[in-house]
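Below you'll find the structure, written out as structure tokens, and then a few comments.
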Amino acid sequence: MALLKVKFDQKKRVKLAQGLWLMNWLSVLAGIIIFGLGLFLKIELRKRSDMMDNSESHFVPNSLIGMGVLSCVFNSLAGKICYDALDPAKYAKWKPWLKPYLAVCVVFNIVLFLVALCCFLLRGSLESTLAHGLKNGMKFYRDTDTPGRCFMKKTIDTLQIEFKCCGNNGFRDWFEIQWISNRYLDFSSKEVKDRIKSNVDGRYLVDGVPFSCCNPNSPRPCIQYQLTNNSAHYSYDHQTEELNLWVRGCRAALLSYYSNLMNSVGAVTLLVWLFEVTITIGLRYLHTALEGVANPEDPERESEGWLLEKSIPETWKAFLESVKKLGKGNQVEAEGVDAGQAPEAG
Amino acid sequence: MAPVLPLVLPLQPRIRLAQGLWLLSWLLALVGGLTLLCSGHLLVQLWHLGTFLAPSCPVAALPQVALAASAVALGTGLVGSGASRASLDAAQYPPWRGVLGPLLVAGTAGGGGLLVLALGLALALPGTLDTGLEEGLGTALANYKDTEVPGRCQAKRLLDELQLRHHCCGRHGYKDWFGIQWVSNRYLDPNDQDVVDRIQSNVEGLYLIDGVPFSCCNPHSPRPCLQSQLSDPHAHPLFDPRQPNLNLWAQGCHEVLLGHLQGLASTLGNMLAVTFLLQTLVLLGLRYLQTALEGLGGVIDGEGEAQGYLFPAGLKDRLKTAWLQGGVARRPAPEEAPPEEEPPKEGLPEA
């Protein structure tokens with residue numbers, strides 16, 4: 001018993017072919033959109049690869065780019081097939097290729113679905129990459145004289161200003177590293193000497209943050225230094241002060257930005273996947289309907305289209321049988337040759 | 001009296017005119033759409049920078065007029081493409097016969113007038129912008145400390161964001177901040193001798209310091225930002241004289257904003273000029289096509305040679321008599337403006 005049988009007369013077949021032709025060309029457009037989204041994601045990741053230690057995974061954008069290109073190729077081919085399906089002479093040359101092509105389409109749809117899922121699931125790996133990258137980035141903030149790292153200060157400052165964040169998890173991360181270059185420290189000053197002696201590694205640690213952490217929404221001019229010392233500033237209590245600096249850490253800010261981006265891209269990819277599945281089903285119906293037109297001299301006849309010739313369990317059994325036959329094929333041949341030789345000898 | 005600027009149009013040139021007009025109309029529609037987007041963009045930019053432009057400065061007039069003008073140009077382009085397409089098909093042309101005349105008048109008067117006005121405004125913009133920005137930025141700087149005063153409490157945030165985004169400091173340079181009090185009195189300790197000294201050092205009793213807000217800081221500087229005691233060369237050790245300008249943004253916000261807005265306005269002006277040119281060509285072409293087809297009595301495929309013209313014969317005389325009869329003291333300018341009452345069905349060209 002065939003799966004989901006639908007009757008097709010000539011008019012319906014023609015309409016199906018035309019509709020599929022249009023849908024295939026729309027799908028080529030959708031493929032271009034997926035390609036563009038993959039490219040955009042790749043560029044966004046590259047822009048901030050400094051913050052991720054240049055070790056971020058480009059798997060998602062690369063696979064989106066690949067899927068976009070494949071979708072364009074497959075769908076333009078399917079469009080050509082649908083266009084030729086209305087002409088029995090032209091269709092005859094496509095006939096033997098249609099079944100393997102449909103199998104390839106099914107595989108493509110499965111892979112597209114997996115790629116869409118990946119867009120949603122790669123958040124976790126991005127989080128650990130960001131935490132690691134930001135920590136290193138902050139360590140190199142002061143190395144404005146070291147070639148290869150001299151741009152880290154500018155990158156982190158512009159990042160904190162643009163994403164409205166401060167430090168890795170919060171502004172206190174800046175208290176634990178030396179972010180002022182030794183070149184600008186007056187080593188003859190007592191205060192500098194005290195601070196350097198106060199810790200094991202001999203670093204100049206301050207309870208202050210760079211200017212890029214400042215929040216413009218604060219009603220008072222930004223307090224950057226001596227943040228934990230209430231008496232250093234008039235009418236200041238560091239425990240209740242919220243508006244002075246950005247409260248969010250840059251890891252959380254970047255993560256939420258990239259999560260939103262990948263979620264939107266994943267949603268668009270899922271929509272395109274649904275569209276592709278519809279096209280594959282339509283193509284299958286067209287294929288079986290045209291096969292049903294047994295007599296090519298009588299194209300006006302009604303025919304039936306279906307998804308699978310037999311029901312699902314029977315189709316699965318038949319598929320397994322054919323796989324087994326493929327394995328046994330050589331054995332049967334060998335036995336046949338022996339059997340042939342035996343009667344000859346006998 | 002011969003018609004104004006007549007042009008003989010046999011069948012083939014008529015068809016070529018219609019085809020060329022179709023292409024030109026679509027081009028006009030495209031350019032009109034782009035100008036629409038450009039003027040919308042300028043309007044949004046001016047809205048964002050509204051706090052830094054004096055309210056008396058009517059800079060918003062340019063993008064609004066340009067918006068209207070480009071909408072009319074877009075409409076003209078679409079009408080032109082429809083009419084030229086219809087003029088090649090005998091079945092489609094009759095409905096166009098009635099509407100084409102009034103549409104041409106509306107296009108010329110409305111579109112032409114708006115475009116000329118917009119171009120004039122685009123040329124006059126730099127002067128108004130300069131004075132507007134001067135006043136607006138001065139007010140914004142003075143209101144920077146008033147974060148408690150309702151109506152002015154956003155000035156600090158907006159000015160900080162402006163300086164951060166546009167990479168500028170002060171009006172014409174960072175020293176502008178030395179001349180105003182930008183620290184709110186609420187955060188000044190009245191018992192601090194330094195504060196008292198500073199307030200007493202000037203006539204108006206302002207707390208003036210040689211420091212700037214954090215938003216003036218330049219991230220490209222290799223050393224952490226120096227914001228305070230900028231006039232004192234000994235306050236910050238190891239100051240590198242080879243790199244004096246990297247610490248703060250060197251440009252003033254006045255120059256930066258002026259350049260930015262003038263760039264946008266000049267792009268808009270260029271696009272308006274191109275739209276004006278295209279619209280003139282399309283309207284002229286449509287007029288010639290219309291009068292030529294009217295000469296054939298509305299029959300498209302007529303092999304006869306029709307004459308297309310801009311204004312019908314005897315127009316000058318008719319206008320003169322109308323003026324004498326009306327006795328209104330107006331400047332007669334029959335060549336510049338199209339006649340208001342022009343019957344769409346023009347008679348055969350007079351001998």
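Of note:
- Within segment B:189-208, being among the acidic types (D, E) and more than 9 Å from chain A (Cβ to nearest Cβ) holds for B:D194, B:D197, B:E204.
- Single residue of B:G211, B:G170, B:G136, B:G151 found to be in contact with a helix residue (DSSP H, G or I) (Cβ under 6 Å, 6 or more places away or on another chain), among the small types (G, A, S) and either over 21 Å from B:T51 (Cα atoms) or not in a helix (DSSP H, G or I) (or both): B:G170
- Flag for A:G202 being without any contact (Cβ under 8 Å) to a residue 12 or more places away in the chain, away from every other protein chain (no Cβ under 14 Å) and not in a strand (DSSP E or B): yes
- So B:G259, is it surrounded by fewer than 14 Cβ atoms within 10 Å (Cβ to Cβ), modelled with pLDDT of 60 or more and not assigned by the TED database to the domain that holds B:V65: no
- The set of residues in segment B:116-139 being small (G, A, S), surrounded by fewer than 20 Cβ atoms within 10 Å (Cβ to Cβ) and under 21 Å from B:H166 (Cα atoms) consists of B:G138 alone.
- Residue check for A:N168: surrounded by 20 or more Cβ atoms within 10 Å (Cβ to Cβ), away from every other protein chain (no Cβ under 14 Å), out of contact with any Ser or Thr (no Cβ under 7 Å at 6 or more places or on another chain) and not hydrophobic (A, V, I, L, M, F, W, C): yes
- Residues being in the same structural domain as B:L62 (by the TED database) and either under 30 Å from A:N217 (Cα atoms) or touching a Ser or Thr at 6+ places or on another chain (Cβ under 7 Å) (or both) are represented in segment B:108-128 by at least one member.
- The residues on offer are A:S128, A:S181, and the sole one that is within 14 Å of chain B (Cβ to nearest Cβ), out of contact with any Gly (no Cβ under 8 Å at 6 or more places or on another chain) and among the small types (G, A, S) is A:S181.
- Residue within segment A:190-198 that is modelled with pLDDT of 90 or more, crowded, with 19+ Cβ neighbours inside 10 Å and within 14 Å of chain B (Cβ to nearest Cβ) present: no
- Residue match in segment B:134-145 (condition: touching a residue at least 40 places away in the same chain (Cβ under 8 Å), touching a Ser or Thr at 6+ places or on another chain (Cβ under 8 Å) and basic (K, R)): yes
- Neighbours by Cβ (under 6 Å, 6+ apart or cross-chain): first from segment B:165-188, more than 11 Å from chain A (Cβ to nearest Cβ) and on the phi > 0 side of the Ramachandran plot; second assigned to a helix (DSSP H, G or I) and buried (at least 18 other Cβ atoms within 10 Å of the Cβ): B:G170/B:D176; B:G170/B:W177
- Among the residues listed as A:L283, A:L245, A:L274, the single one being away from chain B (no Cβ under 14 Å) and crowded, with 16+ Cβ neighbours inside 10 Å: A:L283
- Hits in segment A:6-51 - residues which are touching a Ser or Thr at 6+ places or on another chain (Cβ under 9 Å), more than 28 Å from A:Y257 (Cβ to Cβ), surrounded by 14 or more Cβ atoms within 10 Å (Cβ to Cβ) and among the basic types (K, R): A:R13
- Filter result for A:K93 (in contact (Cβ under 8 Å) with a residue 60 or more places away in the chain, of a type in the set (K, R), within 30 Å of A:L22 (Cβ to Cβ) and away from chain B (no Cβ under 14 Å)): no
- For segment A:136-155, the criterion of a residue being without any contact (Cβ under 8 Å) to a residue 12 or more places away in the chain, β-branched (V, I, T) and not in a helix (DSSP H, G or I) is satisfied by at least one position.
- Among (1) at pLDDT 85 or above; (2) not in a helix (DSSP H, G or I) - the single one A:L86 does not satisfy: (1)
- Every residue from segment A:216-240 that is more than 9 Å from every other protein chain (Cβ to nearest Cβ) and either in contact (Cβ under 8 Å) with a residue 12 or more places away in the chain or aromatic (F, W, Y) (or both): A:I223, A:Y225, A:Q226, A:L227, A:T228, A:N229
- Screening B:L246, B:L226 for residues that are assigned to a loop (DSSP other than H, G, I, E, B), surrounded by 14 or more Cβ atoms within 10 Å (Cβ to Cβ), modelled with pLDDT under 85 and among the hydrophobic types (A, V, I, L, M, F, W, C) leaves exactly one candidate, B:L246.
- Matching residues, segment A:47-74, being in contact with an Asp or Glu (Cβ under 8 Å, 6 or more places away or on another chain) and farther than 28 Å from A:Q160 by Cα: A:S71
The values are calculated or read from the model by the stated rules, or taken from the named source; none is laboratory data. Since this is a predicted model, take the numbers as computed values, not measurements. Cβ atoms come from the backbone with ideal geometry, glycine included; neighbour counts cover every protein chain shown.
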